[in-house]
Amino acid sequence: MRKNDKMKNIFADKASLVPRKMLLNPKRKWVVRDFTGYEGISLGMSQEVLKAMAIKGYIERVKKGPESYTVLTNKEKLISDWVESYSFDKNVIDSYYSADKYILNKFRKVLKEKHYALTLHIGANLMTSFVRTEEIFVYLNLKDWEKDILEIRQKLELKELVRGGGNVHFIHSFYKNSVFFNAQKIKGYHVVSNLQLYLDLYNYQPRGREHAEYLIKLLGEKGKDLE
């Protein structure tokens, strides 16, 4: 197979900005340029991703010359294929320990807004209160990881255990460009999007899939969806 014949991986970091955006408004008629510009991707990548999504059967491309558009026709298959492709284990995680029962409250004072986002059980629990946990998982968006992490650790008084592990986990995201897309603020905390919560939880142990399915159910009851 020639290089140019390879199908674009729509679940790769930057490429995923296309399906992420479409899931925000699944009934909208989209054009290629909707995915370009600020916080977007190139015109060429947009075209490649849409072509791959059409081949997979997630979308339908309606050709009407200058008035051509694309619609999302099978979001259920898109999401089910995505969770099969995605693995939270692709992230790099630095773990530390805190004996402070109120450590999460300090996050809002120490971590800058839009530079962090909670995920997994700790993030979903702000909506569901479904799984009791002392584990904090948080994505960080830092300019200088080693320098900034040291400063954060000092302010939060986090310890590095000799044998590794801990209860506060800083995530250096596999999705460097898209993990903060559509991040939300819940009860004063920054949390990844419902879609990213679902992706992270689905194959996570313990009780990740159970929590992911409960999240879907709860959102449905509130008239909301994964986005």
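The values are calculated or read from the model by the stated rules, or taken from the named source; none is laboratory data. Remember, predicted model here, so these are calculated numbers, not experimental data. Backbone-built Cβ (ideal geometry, glycine too); neighbour counts: all protein chains shown.
Limited to region 112-139, what total is found for residues that are out of contact with any strand residue (DSSP E or B) (no Cβ under 6 Å at 6 or more places or on another chain), at negative phi and in contact (Cβ under 8 Å) with a residue 60 or more places away in the chain? Even if it seems obvious, please write down each step before you answer.
Quick first cut of region 112-139, residues out of contact with any strand residue (DSSP E or B) (no Cβ under 6 Å at 6 or more places or on another chain) only: 112-115, 121, 124-125, 127-135.
Next, only the ones that are at negative phi stay: 112-113, 115, 121, 124-125, 127-128, 130-135.
Still in the running and in contact (Cβ under 8 Å) with a residue 60 or more places away in the chain: 113, 121, 124, 127-128, 130-131.
Qualifying residue count, region 112-139: 7.
Tell me, which residue of region 66-104 that is exposed (fewer than 12 other Cβ atoms within 10 Å of the Cβ) and hydrophobic (A, V, I, L, M, F, W, C) is nearest to Leu199 (Cα to Cα)?
Val92
Does Leu23 satisfy the condition of being touching a residue at least 40 places away in the same chain (Cβ under 8 Å) and either under 30 Å from Gln205 (Cα atoms) or of a type in the set (Ser, Thr, Tyr) (or both)? Give the steps one after another, and end with the answer.
Values: touching a residue at least 40 places away in the same chain (Cβ under 8 Å): yes; either under 30 Å from Gln205 (Cα atoms) or of a type in the set (Ser, Thr, Tyr) (or both): yes.
It is true that Leu23 is touching a residue at least 40 places away in the same chain (Cβ under 8 Å) and either under 30 Å from Gln205 (Cα atoms) or of a type in the set (Ser, Thr, Tyr) (or both).
Among (1) surrounded by fewer than 16 Cβ atoms within 10 Å (Cβ to Cβ); (2) under 20 Å from the mean Cα position of the chain (by Cα), there is one condition Arg132 misses while meeting the rest; what is its number?
For Arg132, the failing item is (2).
Going residue by residue through region 177-184, is there one that turns out to be hydrophobic (A, V, I, L, M, F, W, C), at pLDDT below 95 and farther than 14 Å from Phe107 by Cβ? Walk me through how you get there before you give the answer.
Taking region 177-184 as the starting set, the residues that turn out to be hydrophobic (A, V, I, L, M, F, W, C) are 179-181, 183.
Checking which are at pLDDT below 95 leaves us with none.
No, there is no match, as no residue in region 177-184 is hydrophobic (A, V, I, L, M, F, W, C), at pLDDT below 95 and farther than 14 Å from Phe107 by Cβ.
Considering only region 140-150, how many residues are surrounded by 13 or more Cβ atoms within 10 Å (Cβ to Cβ) and either assigned to a helix (DSSP H, G or I) or on the phi > 0 side of the Ramachandran plot (or both)?
So in region 140-150, the residues surrounded by 13 or more Cβ atoms within 10 Å (Cβ to Cβ) come out as 140-142, 145, 148-149.
Next, from what is left, pick out any that are either assigned to a helix (DSSP H, G or I) or on the phi > 0 side of the Ramachandran plot (or both): 145, 148-149.
So the answer is 3.
Given the conditions (1) free of Cβ contacts under 8 Å to residues at least 40 places away in the same chain; (2) crowded, with 20+ Cβ neighbours inside 10 Å; (3) not β-branched (Val, Ile, Thr), which single one is not true for Gln196?
The one condition Gln196 does not meet is (1).
Since Thr36 meets every condition but one in (1) in contact (Cβ under 8 Å) with a residue 40 or more places away in the chain; (2) surrounded by 13 or more Cβ atoms within 10 Å (Cβ to Cβ); (3) β-branched (Val, Ile, Thr), which condition does it not meet?
(1)
It is to be established whether one or more residues within region 143-150 are in contact with a strand residue (DSSP E or B) (Cβ under 9 Å, 6 or more places away or on another chain), touching a residue at least 60 places away in the same chain (Cβ under 8 Å) and in the same structural domain as Val92 (by TED's automatic domain parsing).
If we filter region 143-150 for residues that are in contact with a strand residue (DSSP E or B) (Cβ under 9 Å, 6 or more places away or on another chain), which is where we start, we get 145, 148-149.
Filter once more, so that each one left must be touching a residue at least 60 places away in the same chain (Cβ under 8 Å): none.
The answer is no; no qualifying residue exists.
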